[in-house]
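K.L.:
Take a look at the following structure, please.
Coordinate-derived values only; no laboratory data. Keep in mind that what you see is a predicted model, and the values were worked out from it rather than measured. Here the Cβ is made from the backbone with ideal geometry for all residues, glycine too, and neighbour counts use every protein chain on show.
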């Protein structure tokens, strides 16, 4: 039976400009629990800006965003942190915190101003680390990790926030082939298992094909198409988006997008 | 489990601090045995028939005790302030001194001395100019789109030099026979004339600041991730940082008003504390407080016993701190490749 759930995230006519230059206009998108929504588009299309508006790092946007029915603008920083967790695209460590200390920071929105994480929080952080297979790294300084491990630590920190919406900004930008698929497969699995609505920006449309339920194609800050990856990641749309000739190859079940450059 | 409430290393540091304070009560031109010091101290709370010279009582209770406690308090404030600023600006090369708070506060205090103001006015004026200095530093460093660690440090040096020049201007107009020597000796840093009354004043401001920082200290971990990530973690970094800057500047300003401009402590102590207790603020802040306190008690002990004349504290901390800072700067550069 189909249970009509409310959207976890409902974005309506979102617009944002840096001074005179409009970066986003009139974006309308929704993401439901269990769903991975991939934002696909070329560099400087406004993908990261969109996520920063949702995180409230950028606050002077126009339009409306509802998170589980609540107006995002009306929420305090703390409430936003309880409803939306995010993994940054790049992170430069300053101090050699242990992996556990970093993951525990995800408890911040659940703790009062003068309280510190207690046994309950340590347990939640432990569960997040176990879910991502990094529990044995708990006492290691996070400055000594590989790019893939660091990404998993930041993902564990986001899970520890126990938010219903997870934002990922090009989660595989600095990862090798193996880690890229490891991280995306975990994200996919978490969306299903933990009831999360995931919104991620991707730089390779193949990531959307393989791991997303919905793909939103964005160019120059405007929505080009939105729908299931198979229906919107077409040769025509991709050529419009990236401005180069592409082929979509298939073996009947799976599809892969390649650039026709140099053939 | 690592989550123990009182990790053994912090307990060891606290005991070390007590030992150093006791030792400083015994040492000096007039050597007193630890046993006598104990009995003098105990006679304050228990009825003990004095078997010692009244001079001993005066030396221990009126001279050395306020001085040792002042050194401990100033060291705690400087060590803690350094650790707070390093987390706040996610930069291991800063301290209130490096970012110009100390020179800024120095100007306010020098002006107050010039005008012959009382303790309260001196402290308020030191706080006001300290806040102006750190705000200027933050503003200069931020207006460039450059997040390098060195930019903030350079901005701090610029602001620090500017305020030092203003202090020189105050010295220039000061009466050379009365006010000028007073300002100069105070600037070089000394606890030689500290009395209980002054210590009480400073403690009234800096102990509540230290306590509040201790209560809030876990937030420093979150803030050290940078503004954008702190916000994503549900924190309002702008408000929280302002709270920490005000607390740190307030306690730094009152300790500058008491002891003069003492550099380098806030830079070196947190690094050593991080080596011992780790980078987690839950341990780093208490460790920096204890270590800073012990360090200043030792430095002050050397200042008053090494030679027949008093050595200004700023000179001693500079001799230790400047080479240590050079080392850190070099390491930070090589990390960058």
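K.L.:
On the first, second and third principal axes, largest extent first, how far apart are the outermost C-alpha atoms of the stretch A:96-170 in Å?
P.N.:
Answer, in whole Å and largest first: 33, 26, 20 Å.
K.L.:
Now for a different question. Taking 8 Å as the Cα distance limit and 6 or more residues as the minimum spacing, I'd like the relative contact order of the stretch B:148-303 as a percentage.
P.N.:
Values: 83 pairs, mean separation 40.9, N = 156.
Averaging sequence separation for qualifying contacts and normalising by length gives 26 percent for the stretch B:148-303.
K.L.:
Right, next: So, R0 is 30 Å and r is the distance between the beta-carbons of residue B:57 and residue B:12; what FRET efficiency does that work out to, to 0.05? Can you show the working numbers first?
P.N.:
Values: r = 32 Å, r/R0 = 1.06.
After rounding to 0.05, the efficiency reads 0.40.
K.L.:
Is any residue of the stretch B:29-52 close enough, with backbone N under 13 Å, to a label point placed 7 angstrom from the Cα of residue B:305 along the Cα-Cβ axis, and if so, which?
P.N.:
Counting only backbone N, you get B:29-34.
K.L.:
How much of the DSSP beta bridge set in the stretch A:167-261 is antiparallel, as a percent to the nearest 5?
P.N.:
On the way: 10 of 13 bridges.
The antiparallel fraction comes to roughly 75 percent.
K.L.:
How far is it, in nm, from the label point at residue A:162 to the one at residue A:146 when both lie 7 Å from their Cα along the line to the Cβ?
P.N.:
3.3 nm
K.L.:
Would you mind ranking B:127, A:16 so that the residue whose beta carbon has the fewest other beta carbons within 10 Å leads the list?
P.N.:
Values: B:127 25, A:16 22.
The fewest-first ordering by Cβ neighbours comes to A:16, B:127.
K.L.:
Let me ask another. Report, to the nearest 10°, how far helix B:119-142 tilts away from the longest principal axis of the Cα atoms in chain B, using its own Cα long axis and a range of 0 to 90°.
P.N.:
30 degrees
K.L.:
Which percent of Cα pairs goes in each bin when the distances of chain B are cut into 20 angstrom slices starting at zero?
P.N.:
For chain B, the pair-distance distribution reads 31, 57, 12, 0.
K.L.:
At a Förster distance of 45 Å, what's the computed FRET efficiency of residue A:254 paired with residue B:242, Cβ-Cβ distance as r, to 0.05?
P.N.:
0.25
K.L.:
Within the stretch A:123-160, find all residues whose amide N lies under 18 Å from a label point positioned 7 Å from the Cα of residue A:176 along Cα-to-beta-carbon.
P.N.:
Once the point is set 7 Å along Cα→Cβ of residue A:176, A:144-153 turn out to lie under 18 Å by backbone N, inside the stretch A:123-160.
K.L.:
When only C-alpha pairs under 8 Å and at least 6 residues apart count, what is the relative contact order of the stretch B:20-147, in percent? Intermediate results must be reported in sequence, preceding the final value.
P.N.:
Numbers: 96 pairs, mean separation 20.6, N = 128.
After rounding, I find 16 percent.
K.L.:
Rounded to the nearest 10 degrees, what's the angle between the helix A:147-160 long axis and the longest principal axis of chain A, both from Cα atoms, 0 to 90?
P.N.:
On a 0 to 90 degree scale, this one is about 70.
K.L.:
What do you get for Rg/Rh of the stretch A:73-228 when both radii come from the Cα atoms and Rh is the Kirkwood radius?
P.N.:
On the way: Rg = 15.9 Å, Rh = 16.3 Å.
Result for the stretch A:73-228 is an Rg/Rh of 0.97.
K.L.:
If you don't mind, another one. May I ask you to give the average projected area over all directions of the convex hull of the Cα atoms of the stretch B:39-175, in nm² rounded to one decimal?
P.N.:
Working: hull surface 46.4 nm².
With the hull built on Cα positions only, its mean projection is 11.6 nm².
K.L.:
With only alpha-carbon atoms counted, please give the Rg and Dmax of the protein assembly as shown, in Å.
P.N.:
Expressed in Å, the Cα Rg and Dmax of the protein assembly as shown come to 29.1, 102.
K.L.:
Evaluate the Kirkwood expression for the hydrodynamic radius of the stretch A:34-149, namely the inverse of the mean inverse distance over all pairs of different C-alpha atoms, and round to one decimal in Å. Let's see the in-between values first.
P.N.:
Working: mean 1/r = 0.0603 Å⁻¹.
One over the average 1/r among Cα pairs gives 16.6 Å for the stretch A:34-149.
K.L.:
Same structure again: Over the Cα atoms of chain A, Rg to Rh with Kirkwood Rh, two decimal places?
P.N.:
Details: Rg = 18.7 Å, Rh = 19.2 Å.
Here the Rg-to-Rh quotient is 0.97.
K.L.:
Could you give the nm distance between label points at residue A:127 and residue B:207, where each point is 7 Å from its Cα heading toward the beta carbon?
P.N.:
4.3 nm
K.L.:
Can you give the helix-only mean residue ellipticity at 222 nm for chain A, where every DSSP H stretch with n ≥ 4 adds -39500 (n - 2.57) and the sum goes over all residues, rounded to the nearest 500 deg cm²/dmol?
P.N.:
Numbers: 9 runs with 85 residues, N = 263.
Result for chain A, helices only: -9500 deg cm²/dmol.
K.L.:
What angle, in degrees between 0 and 90 and rounded to the nearest 10, separates the Cα long axis of helix B:179-188 from the longest principal axis of the Cα atoms of chain B?
P.N.:
So the helix axis and the longest Cα principal axis differ by about 70 degrees.
K.L.:
Another question, if that's okay. Once the stretch B:24-119 is represented by equal point scatterers at the alpha-carbon sites, with solvent omitted, what log10 I(q)/I(0) does the Debye formula produce at q = 0.12 Å⁻¹?
P.N.:
Those come out to -0.64, one per q.
K.L.:
Among A:83, B:219, what is the fewest-to-most ranking by other Cβ atoms within 10 Å? Could you put the intermediate results ahead of the total?
P.N.:
On the way: A:83 21, B:219 26.
Fewest-to-most ranking of A:83, B:219: A:83, B:219.
K.L.:
Which residues does a label at residue B:120 reach in the stretch B:194-212, if reach means a backbone N under 20 Å from a point 7 Å past the Cα toward the Cβ?
P.N.:
Those under the cut-off are B:195-209.
K.L.:
What are the extents of the Cα atoms of the stretch B:85-137 along their three principal axes, in Å, largest first?
P.N.:
Sorted from largest, the Cα extents of the stretch B:85-137 read 39, 14, 14 Å.
K.L.:
Averaged across the residues of B:271-281, what count of C-beta atoms belonging to other chains lies within 10 Å of each residue's C-beta?
P.N.:
On the way: counts 0, 0, 0, 2, 0, 0, 0, 6, 9, 8, 4.
Across B:271-281, the average partner-chain Cβ count within 10 Å equals 3.
K.L.:
Sticking with this structure for a sec: Quick one: Cα centre-to-centre distance for the stretch A:30-65 and the stretch A:196-257, in angstrom?
P.N.:
Taking the Cα centre of each part, the stretch A:30-65 and the stretch A:196-257 sit 16 Å apart.
K.L.:
Continuing with the same structure: If r is the Cβ-Cβ distance from residue B:27 to residue B:135 and R0 is 45 Å, what FRET efficiency results, to the nearest 0.05?
P.N.:
Details: r = 42 Å, r/R0 = 0.92.
After rounding, the FRET efficiency stands at 0.60.
K.L.:
What distance in nm lies between label points placed 7 Å from Cα along the C-beta direction at residue B:46 and residue A:21?
P.N.:
According to this spin-label approximation, the distance is 7.6 nm.
K.L.:
Order these by the 10 Å Cβ neighbour count, fewest first: A:177, B:85, B:325.
P.N.:
Working: A:177 8, B:85 30, B:325 21.
Going from least to most buried by this count: A:177, B:325, B:85.
K.L.:
Output the relative contact order of chain B, whole-number percent, from Cα pairs under 8 angstrom with separation of 6+ residues. The partial results should precede the final answer.
P.N.:
Details: 486 pairs, mean separation 99.2, N = 337.
The normalised contact order for chain B reaches 29 percent.
K.L.:
Follow-up question, since we're still on this one. Calculate the mean, over all residues of peptide A:82-90, of how many other protein chain Cβ atoms lie within 10 angstrom of the residue's Cβ. Let's see the in-between values first.
P.N.:
Numbers: counts 1, 1, 2, 3, 5, 2, 5, 0, 0.
Partner-chain Cβ atoms within 10 Å, mean over residues of A:82-90: 2.
K.L.:
Based on the Kirkwood radius over alpha-carbon pairs, what value in µm²/s does the Stokes-Einstein equation return for the translational diffusion coefficient of the stretch B:203-326 at 10 °C and 1.306 mPa s?
P.N.:
On the way: Rh = 16.0 Å.
Stokes-Einstein gives a translational diffusion coefficient of 99 µm²/s.
K.L.:
Percent antiparallel among DSSP beta bridges with both residues in the protein assembly as shown, to the nearest 5? Please report the intermediate quantities before stating the final value.
P.N.:
Numbers: 25 of 43 bridges.
Expressed as a percentage, antiparallel bridges in the protein assembly as shown total about 60.
K.L.:
Quick check on chain B: helices-only [θ] at 222 nm, where DSSP H runs of length 4 and up contribute -39,500 (n - 2.57) each and the sum goes over total residues. Nearest 500, please. Display every interim value, and only then the final one.
P.N.:
Numbers: 15 runs with 246 residues, N = 337.
It comes out at -24500 deg cm²/dmol, rounded to the nearest 500.
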